[in-house]
Amino acid sequence: MSRVRVVGLGPGDRDLLTERTARLIREASIVRFRTRRHPAAQAFSPVESYDDFYERAASFDDLYRDIVNDLVALARENGEVLYVVPGSPIVAERTVELLGDVEELEVVCEPAVSVIDVACARLRRDPMSVELRVVDALASSEPLRGPGPLLVLQAYSPEVLAMVASRLAPTARVTVLHHLGLSDEVVTELDARDLATFDADHLTSLWVEGPRSAGVAMDDLVDFTRVLRRECPWDVEQTHESLTRHLLEESYEALDALEGLVARGVGDVAAVAHVEEELGDLLFQIVFHAELADEEGLFSLATIADAVRDKLTGRHPHVFGDVVVANAEDVASNWEEIKRVEKSRESALEGVVWQSPALSLYHELVRIAARLGVVAQDARDEWGEALADLVERARQAGVDLEGVARRRALALAELIRERETGVAREGRGSVDVDQRSDRERD
């Protein structure tokens, strides 16, 4: 059986090259370097390499296939060929993987120091204890996620670094590992958004310290909830029914915070922090109900997430299917029809939340009536007619009257507090809640 013996030059430092690898290279009759662009390769007299293959290959897939085909031919003709790769033969070597798929070919991988060893030694991190994950910079365009720190290989150019940056949060801290163990070694930290400014080459790797993904955070929150359910007397006693009022309260508090953010702007740090806090409180209510249901064998946070994603996929055929829409109105119309078919509804009133605040309920019914061409016949009283006219005008203008009323109420409350403390707004001649129109605000 023909054989390809694969040896590694280590991650760059000549001192990390094993004596066995050096002897095999010197004694082998047929030797091929994948590339001579490696510091340790310079220690050997010129031998053939596949550097010229890089110049003519249309893609990396073509390059690797051509290298493997040449190695297989050499092995069958000569019995054995020594194949020399950068780093370790068993780390990020696609050609070695492909060689292993060739029938009637024995592939022997000699041990070598890898970039994983050098990176972990340089940063003094135990790959097992930190649950290190090794990823290919070119393998995917999906966001980079935890758990554990990531060692990103194949980060050989600023263009590749830009691709990696697009898979991380802009402010994520990334440690650049460049020419480790060499005289020009660079180990530096950059924000992901600045990665592309680094002059990377084939001896550059990246260390990302445990990207905090939403999935990891949610898993931690579920685990935290389970601890509370076991150890906190109050949490142990809670049921779906007992938590209902808390869910409602947290919903209103989140709404208040969001309205405060709209009023003050995203530059208001306190308003932003308030929204984050209140949305967290609301999220915890959902997680708690999911945990209760999981204990009862009904559903879980995972099934909730999967179900809503599947539902929204079906509700967006213009994104995930072949439906063409012209505008947001088309999307809303399709949405209503899909809901009607999904739920086998015979009446447009099915699904209306009758416990909604009266103004919101009336607004929803006016919207349904307009879609069906129903003309409202209100009681013949001036207040009812005025309200009907106002709701219809708001519907056509896309204004949320409930939100308008809440903002006005909150602004009026602020004026009352100012009056009570003797603080008057400069230049205010009357109680002018907000000089901007509600249309502008919505």
(message) Within the stretch 230-264, take every residue that is small (Gly, Ala, Ser) and without any contact (Cβ under 8 Å) to a residue 24 or more places away in the chain and give me the one that is farthest from Ala290 (Cα to Cα).
(response) Gly260
(message) With the requirement that a residue be of a type in the set (Gly, Ala, Ser) and surrounded by 15 or more Cβ atoms within 10 Å (Cβ to Cβ), what does the stretch 241-262 give you?
(response) Ala254, Ala257, Gly260
(request) Those residues that are open to solvent by 40 Å² or more (accessible area, probe 1.4 Å) and out of contact with any helix residue (DSSP H, G or I) (no Cβ under 9 Å at 6 or more places or on another chain), I need them from the stretch 117-129; list them, please. (result) Ala121, Arg122, Leu123, Arg124, Met128, Ser129
(message) Whether any residue in the stretch 205-219 is open to solvent by 40 Å² or more (accessible area, probe 1.4 Å), part of a loop (DSSP other than H, G, I, E, B) and modelled with pLDDT of 95 or more is what I want to check.
(response) no
(message) Yes or no: the stretch 347-355 includes at least one residue that is part of a helix (DSSP H, G or I) and acidic (Asp, Glu).
(response) no
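Report yes if some residue within the stretch 225-235 is at pLDDT below 95 and assigned to a helix (DSSP H, G or I); otherwise report no. Even if it seems obvious, please write down each step before you answer.
Keep residues of the stretch 225-235 that are at pLDDT below 95, which gives none.
Within the stretch 225-235, none of the residues are at pLDDT below 95 and assigned to a helix (DSSP H, G or I).
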(request) Name the residue, out of Arg133, Arg94, that is charged (D, E, K, R), without any contact (Cβ under 8 Å) to a residue 24 or more places away in the chain and surrounded by 15 or more Cβ atoms within 10 Å (Cβ to Cβ). (result) Arg133
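Which of the following residues is in a loop (DSSP other than H, G, I, E, B) and in contact with a helix residue (DSSP H, G or I) (Cβ under 8 Å, 6 or more places away or on another chain): Val331, Val266, Val275, Val262?
Val266
When you look at Ala196, is it modelled with pLDDT of 95 or more, closer than 30 Å to Val164 by Cα and open to solvent by less than 70 Å² (accessible area, probe 1.4 Å), yes or no? Before the answer, list the steps.
Details: modelled with pLDDT of 95 or more: yes; closer than 30 Å to Val164 by Cα: yes; open to solvent by less than 70 Å² (accessible area, probe 1.4 Å): yes.
The answer is yes for Ala196.
Suppose the filter is in contact with a helix residue (DSSP H, G or I) (Cβ under 9 Å, 6 or more places away or on another chain) and open to solvent by 70 Å² or more (accessible area, probe 1.4 Å); does Leu372 pass it? Please lay out each step first, then the result.
Working: in contact with a helix residue (DSSP H, G or I) (Cβ under 9 Å, 6 or more places away or on another chain): no; open to solvent by 70 Å² or more (accessible area, probe 1.4 Å): yes.
No.
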(request) Determine which member of the set Glu350, Glu329 is exposed (fewer than 15 other Cβ atoms within 10 Å of the Cβ) and under 20 Å from Ala394 (Cα atoms). (result) Glu329
(request) Select from the stretch 16-66 the residues that are of a type in the set (Gly, Ala, Ser) and within 18 Å of Ala112 (Cα to Cα) and write down the one among them that is surrounded by the most Cβ atoms within 10 Å (Cβ to Cβ). (result) Ala40
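Do the conditions hold for Gly87, that is, is it open to solvent by less than 40 Å² (accessible area, probe 1.4 Å) and of a type in the set (Gly, Ala, Ser)? It would help to see each step written out before you state the result.
Numbers: open to solvent by less than 40 Å² (accessible area, probe 1.4 Å): yes; of a type in the set (Gly, Ala, Ser): yes.
So Gly87 fits the description; yes.
The values are calculated or read from the model by the stated rules, or taken from the named source; none is laboratory data. Only a predicted model underlies this, so the values are computations on that prediction, with no experimental measurement involved. When we count neighbours, we look across all protein chains shown, and the Cβ atoms used for this are built from the backbone with ideal geometry, even at glycine. Keep in mind that these areas ignore ligands, DNA and RNA; they rest on the heavy atoms of the full protein, side chains included. Shrake-Rupley method; radii C 1.70, N 1.55, O 1.52, S 1.80 Å.
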